[in-house]
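The values are calculated or read from the model by the stated rules, or taken from the named source; none is laboratory data. Because the structure is predicted, anything quoted here is derived from the model rather than measured. Here the Cβ positions follow ideal geometry from the backbone for every residue, glycine too, while neighbour counts run over all protein chains shown.
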Amino acid sequence: MAVTREDVLHVASLARLALDEESVLRLVSELNGILGHMEVLRKVDTEGVMGAEGVGDAGMPLRADGGLPYPLAHAREQFAPEMRDAFFIVPRLATHEDATESVE
């Protein structure tokens, strides 16, 4: 499977990238080179080779959380004095204020 000029232009349009013709041709060449390398790697006989440690669907094991939490330098109330339903209540940013909105 080779990457075509149209493939590059399609992906560029999805990403909203403007590419000149020189860049399109260079990308086609580079992507086809990468696919060529992948084809060579696909042909390598890996029978009996142990897989990489920690790679797979299970992911890496996480260590157990331990120790005491770090104390805050300031009380939580100094940052946001009001809370509701375990969420901080903070003032609305001036850039997000709308005179027609009513704030409860």
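Which numbered condition trips up Gly54, out of (1) modelled with pLDDT of 80 or more; (2) in a loop (DSSP other than H, G, I, E, B); (3) not charged (D, E, K, R)?
(1)
Would you mind stating whether Val40 is surrounded by fewer than 10 Cβ atoms within 10 Å (Cβ to Cβ) and either assigned to a helix (DSSP H, G or I) or small (Gly, Ala, Ser) (or both)? Don't jump to the end; show me each part of the working.
On the way: surrounded by fewer than 10 Cβ atoms within 10 Å (Cβ to Cβ): yes; either assigned to a helix (DSSP H, G or I) or small (Gly, Ala, Ser) (or both): yes.
Yes; evaluated as a whole, the condition is true for this residue.
Looking at the stretch 1-31, which of the residues that are among the small types (Gly, Ala, Ser) and in contact (Cβ under 8 Å) with a residue 12 or more places away in the chain is surrounded by the fewest Cβ atoms within 10 Å (Cβ to Cβ)?
Taking the stretch 1-31 as the starting set, the residues that turn out to be among the small types (Gly, Ala, Ser) are 2, 12-13, 15, 18, 23, 29.
Now drop any that are not in contact (Cβ under 8 Å) with a residue 12 or more places away in the chain, which leaves 2, 12.
Working: Ala2: 9, Ala12: 15.
For the stretch 1-31, the residue satisfying everything is Ala2.
If you take the residues of the stretch 60-104 that are among the basic types (Lys, Arg) and in a loop (DSSP other than H, G, I, E, B), which of them is modelled with the lowest pLDDT?
Pass one, the stretch 60-104, residues among the basic types (Lys, Arg): 63, 76, 84, 92.
Then drop every residue that is not in a loop (DSSP other than H, G, I, E, B), which leaves 63, 92.
On the way: Arg63: 84, Arg92: 78.
Checking each candidate, the answer is Arg92.
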